[in-house]
Amino acid sequence: MGDSQGSTGEGPATVLFVAGMSGAGRTSVANVLEDDGWYVSDNVPVSLIGQLIEMVRSDEVGARKIALVVRAGDPQFSEQIAELRDDLEAGGARTSIVFVDASDDVLVRRFEQVRRRHPLQGNGTLSEGIAAERAMLAGVQASAGTVIDTSNLSSTRLRAIVESTFPNVGGTGLTVAVQSFGFKYGLPIDCDLVVDVRFLPNPYWIPELREHNGLDPQVRDYVLGQEDALEFINRYVDLVGIVARGYKREGKGYMTIGVGCTGGKHRSVAMSQQLARRLEEASDDDGSPLYKVQVTNRDLGRE
């Protein structure tokens, strides 16, 4: 396969195989990993995994942590995964397996609820298909570094287990998108929270500021210099912290905050920039950033 470290990045590649029983929650685990910054690929044939890793480690993609969802379909599946791990590690990669499992009666119930056939059922019964898959995966499960039994796990608890076992690539628990907008152009449809900053004096009515926008220092200083502007930002950062903790408990990885004024040119832009700056400064007890912040100005330039 060649050197899996490629030409990109610092340190070796980490390749995590997400294996387990059909219906146990492999896709749910993969979704959590993808939300947390892993490069995730689902159902790649074992024979093509080496080429895939070379591609995603290239300069164009630059992935350093790669999660591969693999499904049993061959009696030699366990041996194939073992050989592939040996090849990857010989090339400098670190590999591990997370095995997602559930009791047979839970798997039967889940398949019956969605009215799907088990992929290894063939002409037999659902229970026979589950038994065949469990036998095929015995070697993989035995070599797994982490086994997660989802029989009695909620989706929130499963996310918490995955995130504590495989740390977030970006080192942040929540991505916050701050978007300025003008109310006269309509509310953004994708906002979780909406901030109305029309309580501040409008720079539009000051001739020397009218043609400038909230990115310009003179407008920014005017807006942030108004009574209660900075206090509003300070208190809103605290409010975001409360909401963010709830989002984390519920397994949400993203928050969008809309900041609106009349036209989306002056006050909302200046306040969005300041809010984003304050959120970027927020840190956890260990000093790691609480948020990954993105800023956009939806209506800037429309006037």
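Below, the figures for the structure above:
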{"read-out": "Condition broken by Phe181, with the remaining ones in (1) among the hydrophobic types (A, V, I, L, M, F, W, C); (2) closer than 30 Å to Val15 by Cα; (3) in contact with an Asp or Glu (Cβ under 7 Å, 6 or more places away or on another chain) satisfied", "value": "(2)"}
{"read-out": "Number of positions in the stretch 48-107 that are without any contact (Cβ under 8 Å) to a residue 12 or more places away in the chain, part of a loop (DSSP other than H, G, I, E, B) and under 23 Å from the mean Cα position of the chain (by Cα)", "value": "1"}
{"read-out": "Tally, over the stretch 264-280, of residues that are closer than 22 Å to Asp35 by Cα and without any contact (Cβ under 8 Å) to a residue 40 or more places away in the chain", "value": "1"}
{"read-out": "Within the stretch 86-133, considering residues that are of a type in the set (Asp, Glu) and loosely packed, with under 13 Cβ neighbours inside 10 Å, the one nearest to Arg64 (Cα to Cα)", "value": "Asp86"}
{"read-out": "Qualifying positions in the stretch 275-303 - buried (at least 17 other Cβ atoms within 10 Å of the Cβ) and of a type in the set (S, T, N, Q)", "value": "Asn297"}
{"read-out": "Test: residue in the stretch 256-274 that is open to solvent by 70 Å² or more (accessible area, probe 1.4 Å) and either out of contact with any Pro (no Cβ under 6 Å at 6 or more places or on another chain) or not charged (D, E, K, R) (or both)", "value": "no"}
{"read-out": "Hits in the stretch 78-94 (condition: out of contact with any strand residue (DSSP E or B) (no Cβ under 9 Å at 6 or more places or on another chain) and under 11 Å from Val140 (Cα atoms))", "value": "Ser78, Glu79, Gln80, Ala82"}
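Per-residue answers, yes or no, for (1) surrounded by 14 or more Cβ atoms within 10 Å (Cβ to Cβ); (2) in a helix (DSSP H, G or I); (3) touching a Gly at 6+ places or on another chain (Cβ under 8 Å):
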{"residue": "Thr175", "(1), (2), (3)": "yes, no, yes"}
{"residue": "Pro188", "(1), (2), (3)": "yes, no, yes"}
{"residue": "Arg198", "(1), (2), (3)": "no, no, yes"}
{"residue": "Leu215", "(1), (2), (3)": "yes, no, no"}
{"residue": "Gln218", "(1), (2), (3)": "no, yes, no"}
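The values are calculated or read from the model by the stated rules, or taken from the named source; none is laboratory data. Keep in mind the model is a prediction, meaning the values are calculated, not measured. Glycine also receives a Cβ, built like all others from the backbone with ideal geometry; neighbour counts cover every protein chain displayed. Surface accessibility is based on the protein's heavy atoms, side chains included, excluding ligands, DNA and RNA. Shrake-Rupley method; radii C 1.70, N 1.55, O 1.52, S 1.80 Å.
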